[in-house]
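Step one of this worksheet: look at the structure below.
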Amino acid sequence: MNYEDIKRHFETNPPPKEVKWTEWAYISDTQVFLKSCYTTIRNYNGPMDRCPAWWHLRDFYILLKKTQQSAAPSEIQIGEPSPQQHPAGENAPGETAAAENREQLEAEI
């Protein structure tokens, strides 16, 4: 899965306008959030797995995919934050998805 796949998904299945990701992370306009991620990823010069925008976009996609099955209101509240380890063993900025949710959803994708 790459960012073009996620972009196509959100073009055909637009997310709700507002998403309360955690108590401290609230996205008031998901289209602006997505455009920012796409632009940053396109202009990133390093390896994709080190791009913070890629991790944010991927986490957003996985969590919305998971909550899409159970909730369809205009505002989605997504679980409590728990740090995810980056490949280098450091926490990535903004990482909030639980590792077990990620692994389970990646197996489905």
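When only DSSP loop residues count, what chymotrypsin sites (Phe, Trp or Tyr not before Pro) in segment 29-65 have their Cβ near at most 12 other Cβ atoms within 10 Å? If you can, show how the numbers build up before the last one.
On the way: sites: Phe33, Tyr38, Tyr44, Trp54, Trp55, Phe60, Tyr61; in loops: Tyr44.
Nothing satisfies the criteria.
What is the sum of charges around Glu11, taking Lys and Arg as +1, Asp and Glu as -1, for the other residues whose C-beta is under 14 Å from the C-beta of Glu11? Each step should come with its number before you reach the end.
Numbers: positive: Lys7, Arg8, Lys35; negative: Glu4, Asp5.
In short, +1.
Computed from phi, the 3J(HN,Hα) profile of segment 41-47 under the Karplus parametrisation 6.51, -1.76, 1.60 (θ = phi - 60°) reads 5, 4, 8, 6, 9, x, x Hz, with x in place of Gly and Pro. Between Asn13 and Tyr26, the simple label model (points 7 Å from Cα in the Cβ direction) yields a spacing of 2.7 nm.
I'd like the GluC sites (Glu not before Pro) in segment 7-70 restricted to DSSP loop residues with at most 15 other Cβ atoms within 10 Å, sorted by number. Walk me through the intermediate numbers first.
Details: sites: Glu11, Glu18, Glu23; in loops: Glu23.
In loop regions of segment 7-70 (DSSP not H, G, I, E or B), the sparsely surrounded GluC sites (Glu not before Pro) are Glu23.
Where a number appears in this text, it was derived from the coordinates with a stated rule and is not lab data. Quick caveat, the model's predicted, so the values are computed rather than measured. Quick reminder, even Gly has a Cβ in these numbers, built from the backbone with ideal geometry, and neighbours come from all protein chains shown.
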